[in-house]
1. Which residues, counting only those in the range A:159-173, are open to solvent by 20 Å² or more (accessible area, probe 1.4 Å) and touching a residue at least 24 places away in the same chain (Cβ under 8 Å)?
2. Listed residues B:Y154, B:Y212; which is at pLDDT below 90, closer than 18 Å to B:L115 by Cα and at the interface with chain A (Cβ under 8 Å from one of its Cβ atoms)?
3. Only residues that are open to solvent by less than 50 Å² (accessible area, probe 1.4 Å) and either among the aliphatic types (A, V, I, L, M) or outside any helix (DSSP H, G or I) (or both): list them for the range A:120-135, please.
4. Can we say A:A180 is farther than 16 Å from B:S210 by Cβ, touching a strand residue (DSSP E or B) at 6+ places or on another chain (Cβ under 9 Å) and at the interface with chain B (Cβ under 10 Å from one of its Cβ atoms)?
5. Any idea which residue in the range A:185-196 is nearest to A:C159 (Cα to Cα), counting only those that are surrounded by fewer than 22 Cβ atoms within 10 Å (Cβ to Cβ) and at the interface with chain B (Cβ under 7 Å from one of its Cβ atoms)?
6. Taking A:C92 as meeting all but one of (1) more than 13 Å from chain B (Cβ to nearest Cβ); (2) within 18 Å of the chain's Cα centre (by Cα); (3) open to solvent by 20 Å² or more (accessible area, probe 1.4 Å), write down the number of the exception.
7. Report whether or not B:L188 is surrounded by 14 or more Cβ atoms within 10 Å (Cβ to Cβ) and modelled with pLDDT under 90.
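The values are calculated or read from the model by the stated rules, or taken from the named source; none is laboratory data. This structure is a prediction, so every number in the text was calculated from the model and none was measured. Cβ placement follows ideal geometry from the backbone for every residue including glycine, while neighbour counts extend to all protein chains displayed. Please note that ligands, DNA and RNA were not included when accessible areas were found on the heavy atoms of the full protein model with its side chains. Shrake-Rupley method; radii C 1.70, N 1.55, O 1.52, S 1.80 Å.
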Amino acid sequence: MVFKLRLIVQHLFFVLLTYGGRFGFHMGFALPCFSCPFVMGCGGSCYLLSLQGNWWGLQMALANWGTVMGLQALYYLGLFVLLTLALNKFWCGWICPFGTLQDWFTYLRRRLGIREAQLSWSARDRLKPVKYILLAYMIVVPLLIAHAGLHYDFHLPFCRSICPAKPLMPLFAGSTRHLALDFTNTVTLVFSILSVAIAGGMLVGMFFKERFFCLFCPMLVLIHLLRKISPVRFEKEVGACLGCGNCRRNCPMDIRDVHEQKTDKAVLSEDCMLCMTCTESCPADGVLSVRFFKWRLFSSSRDYVARRFIKPHKAGSVKVKV
Amino acid sequence: MASAVSSWAADLVSGDCPDVVWITCGEQSRRTDGSITQHYWLRSNSENRLQCFPDLQWEAYYRLTDGDGLEEGYSRAPLTCSGGVPHLEINCRTNARLELTLVGHCGGKHYTAQLQHALFGKASAGKHAPSERFGELPAGLRRWNLKPSRRNTYQQTGDTYHFIYHGNAGSVESVSVLEKGRRLPEDLSLARDGNLVYTPAHDPHLDRSSPYEVKETVLLAREAAEGREYLTTFTLLLHRSYSAHLKRLHGCLLFAGMAVLAAGFTVIFKRRPWYR
């Protein structure tokens, strides 16, 4: 079962990326997922930190481009591109520790019998540009520090003022440091207020809405930029689609594109995290499939849906799981 | 930074030899291989008379400690004269902690100037290349030993530093702190066994500036023994405190408040019933 496999992989990576550094395991500083480097002893670091840090460093001295500093920035960028190409959105749905944390909240909500909050389509459309704005924020601010004399405390602007992973993820390593307000000066205070307030709001958002933070995640934008050259494909046999709408109803990210796509084969949309819930719930044989190069990793099937969602209950009757 | 200390210290000049000599950090430059070169200057309270210390004999020893542990023995670095001021530079390939000790004497005065701080070289591999291997520091050298902090890479205001004075603690006349922005030195008391505990105060100016900004604070011990005067300084390069201004309770209250507010907002603007 894909669902169970995903659960195992998610938890394995959560442990590796949160505690791996304590045992000498480190996947580097260019991971395309929210593996927070502010977690002491983490097993890998989110690329967004390198992006902000290196970008600023290089801007501070353009002469650095030809030096080992420039090579380091290129190395991180290259590694990020390679990792993204290799697994694309699998990083989001299968590996991202912060995504796993969000899934825990969803599990808790379901166990409590609370319905998921719904966002209107217009609200979702209005939220779409936010992730681009955040990406611009983390690129423009370092430029302003380097060239316009902006105070250095604006360094790592996204991590230190927006990202909810920074206050929340270190809690798993027993650190409450990043939940504190920093009264050192006005900039640090404003940044820490923003960071803690956003984390508080996001926590509730993650509880009521599945993968709430992913709606704003700038990493999704970066990963999505490379989708066309990635060997990871999510495809739809449009001619064979029954139009049942299961894919739309079951999608944790409320993506409509897969259901509504009538012409194009490629249906990997910006918000998709390749959790394959839609593929699992599609009752038409081979309509939805996830491929790596030409190899089919998983595709929808009528039998799978029957096994996954309809289980024998008693002799002579069936129990519908969903 | 250094001039602020030297301006008041100039009042302390006595005789032909300076009263206070300390190390200051100059600029850093990064080489194309990623290693870092740090420049150091030797300052005194009588800069106009020192002029590269024509009457002084100086020797510089340093030791780099990286992730592999303490490097065995000290290396020597050549002291040059640059713009009339004694100067030396040390190249560091990887992330390491530098212990720098300068030893000199003038007339009946014996000087030791020390400094410890972290250097962040980014060269991929290879050992630091010392100019000359040397064994240990000269025997009987008056010096400070700063117990290394396991918590912080940078020296910070508000942290407590434990020093041990290696010398005859009973003959120490005074221990003072020379700090930027302070007109008069702060006097400290040295225990009979040579232990000294010093907690530098927070500096609002430092708090407002960049986290990489440093304040030079010099610890000075004067010892008189066997007709000689021993003047031992240790330069602390203090950064602003990274943890003293953190208020966890305020943060947790804000976090909880925001969560309640968001939950209330979500419930009020719900689009369908919550329970199935």
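1. A:R160, A:I162, A:K166, A:F172, A:A173
2. Selected residue: B:Y212, the only one of B:Y154, B:Y212 that is at pLDDT below 90, closer than 18 Å to B:L115 by Cα and at the interface with chain A (Cβ under 8 Å from one of its Cβ atoms).
3. A:S120, A:A123, A:L127, A:V130, A:L134, A:L135
4. yes
5. A:I193
6. Only one criterion in (1) more than 13 Å from chain B (Cβ to nearest Cβ); (2) within 18 Å of the chain's Cα centre (by Cα); (3) open to solvent by 20 Å² or more (accessible area, probe 1.4 Å) is unmet by A:C92, namely (3).
7. So B:L188 passes the test.
For (1) under 16 Å from the mean Cα position of the chain (by Cα); (2) among the acidic types (D, E); (3) within 14 Å of chain B (Cβ to nearest Cβ); (4) open to solvent by 50 Å² or more (accessible area, probe 1.4 Å), each residue gets a yes or a no:
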{"site": "A:V141", "(1), (2), (3), (4)": "no, no, no, no"}
{"site": "A:Y152", "(1), (2), (3), (4)": "no, no, yes, no"}
{"site": "A:G201", "(1), (2), (3), (4)": "no, no, yes, no"}
{"site": "A:F212", "(1), (2), (3), (4)": "yes, no, yes, no"}
{"site": "A:R227", "(1), (2), (3), (4)": "yes, no, no, yes"}
{"site": "A:S230", "(1), (2), (3), (4)": "no, no, no, no"}
{"site": "A:E235", "(1), (2), (3), (4)": "no, yes, no, no"}
